[in-house]
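Visitor: My structure is below; once you've seen it, I'll send some questions.
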Amino acid sequence: MSDQIDSIKIIKYLKSKWGDEKRCPMCDQTEWIVNDKIFELREFKGGSIILGNIPIFPVIPIICKNCSNTIFINPINARLLDVKKESNQEKDGK
């Protein structure tokens, strides 16, 4: 699965949901850093890394430039990532 999404797609998605200006709920500023990489968020298990049988959520962090407050966007729910398409490309070696 690709770990990167076109940042223009992400910005278009955010504008469709936030409008032209989204204020940070912590500091009320409007400048954000849009990350184009996908990260994994998993449940904390006392510092141990547990593989298998634990849900992993893909997230795209959106970070306030002023206070570093971070908002996560789920790329699957936002339809920025097609999991079936990505999985098939992995199998095909593309």
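Visitor: With bins 10 Å wide starting at 0, give me the P(r) of segment 7-92 over every alpha carbon pair, in whole percents.
Guide: Answer for segment 7-92: a P(r) of 15, 39, 31, 15, 1 percent.
Visitor: Which whole-Hz couplings ³J(HN,Hα) result when phi for each residue of segment 66-81 is put into the Karplus expression 6.51 cos²θ - 1.76 cosθ + 1.60, θ = phi - 60°, listed in order with x for Gly and Pro?
Guide: 8, 10, 6, 4, 10, 10, 9, 10, 7, x, 6, 5, 7, 6, 9, 9
Visitor: How much net charge surrounds C64 when only other residues with a Cβ under 12 Å from its Cβ are counted (Lys, Arg +1; Asp, Glu -1)?
Guide: On the way: positive: K22, R23, K65; negative: D28, E31.
Charge balance near C64 sits at +1.
Visitor: Moving to a separate point now. Kindly count the pairs of lysines across the chain whose alpha carbons are less than 23 Å apart, treating pairs on different chains or eight or more residues apart as eligible.
Guide: 25
Visitor: Given a cut-off of under 8 Å on Cα pairs at least six residues apart, what relative contact order in percent is computed for the chain?
Guide: On the way: 113 pairs, mean separation 27.2, N = 94.
Dividing the mean separation by the residue count of the chain yields 29 percent.
Visitor: Quick one: helix 83-92 against the long Cα principal axis of the chain, what's the angle to the nearest 10°, folded into 0 to 90?
Guide: Result, in degrees: 40.
Visitor: Ranked from highest to lowest mean number of other Cβ atoms within 10 Å per residue, what is the order of the peptides 62-75, 39-52?
Guide: On the way: 62-75: 15.9, 39-52: 8.3.
Taking the mean over residues of other Cβ atoms within 10 Å, the ranking is 62-75, 39-52.
Visitor: Please report V34, V59, V83 as a ranked list, fewest other C-beta atoms within 10 angstrom at the top and most at the bottom. If you can, show how the numbers build up before the last one.
Guide: Numbers: V34 15, V59 19, V83 11.
Least crowded to most crowded, the residues run V83, V34, V59.
Every number in this text was worked out from the coordinates using simple rules, so none of it is lab data. Remember, predicted model here, so these are calculated numbers, not experimental data. Glycine also receives a Cβ, built like all others from the backbone with ideal geometry; neighbour counts cover every protein chain displayed.
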